Amino acid sequence: MGILQHIEHQISALNDLVKINNDRISGYQKAAESTSDDDLKRLFLDYIDDSKKYKSELSDHIHV
């Protein structure tokens, strides 16, 4: 595997992780909207914030 192929593989893996975090954000948002329990809603909103942070950090490493 050449250097360019290795870099493309790493970028692909990072993009997959970004997609996973997008799915997490969507799922937690639905869960937060579906509960009337304030503590549980706050937990889901915290998870959304975490996932957005992870997504941002991952995106910082993707350079094409």
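For segment 3-59, lysine pairs with C-alpha atoms less than 15 angstrom apart, excluding pairs fewer than eight positions apart on the same chain, total 4.
Once both labels are positioned 7 Å from their Cα atoms along Cα-to-Cβ, the gap between Asp60 and Asp39 label points is 3.4 nm. Among Ser12, Ser26, Ser34, the largest mean-square fluctuation in a Gaussian network model of the chain, built with springs joining Cα atoms closer than 10 Å, belongs to Ser34. Its Kirkwood hydrodynamic radius, worked out from the mean inverse distance over all distinct Cα pairs, puts segment 3-59 at 12.3 Å.
Rule-based calculations on the coordinates, nothing more; no lab input. The structure displayed is predicted, hence computed values, not measured ones. FYI the Cβ positions are ideal-geometry reconstructions off the backbone, even for glycines, and counts take in every protein chain you see.
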